[in-house]
Amino acid sequence: MLFLFGFANARAMDEQTNAQSAFLQGMTAMAEAATRAATAAERALEKLCFGDSRYVEALENLEKKYEALTLTAYNADEKDMSQKLFAVLTSYLRG
């Protein structure tokens, strides 16, 4: 009788260990995915000039600002650049 109870307890502990292992594997996979996404975003920011040096200059100027300008203050060219940048960044977040 004691053997059966001991066997049942051992099996329950084994199942609990398997569940914990599966949970930790899932958490590790999510952490790795987040790290890959952050790395990709970092690389994208380094190369987000789209063959256009205006983005490099704009990003350097943006990093020096303390407050964002309102969208109405942008000229037509700057609005176009901001829409292209938004499209690229959202595609990285979705992908």
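What follows draws every value from the coordinates through simple rules; no lab data is involved. Remember, predicted model here, so these are calculated numbers, not experimental data. Glycine gets a Cβ as well: all are built from the backbone with ideal geometry, and neighbour counts include every protein chain shown.
Here the Debye sum runs over all C-alpha atoms of segment 48-95 as equal scatterers in vacuum, and log10 of I(q)/I(0) at q = 0.14, 0.18, 0.31 Å⁻¹ comes out as -0.38, -0.62, -1.25.
Here the dipole of segment 48-95 is about 200 debye; that uses its Cα centre as origin and unit charges on the Cβ of Lys and Arg (positive) and Asp and Glu (negative).
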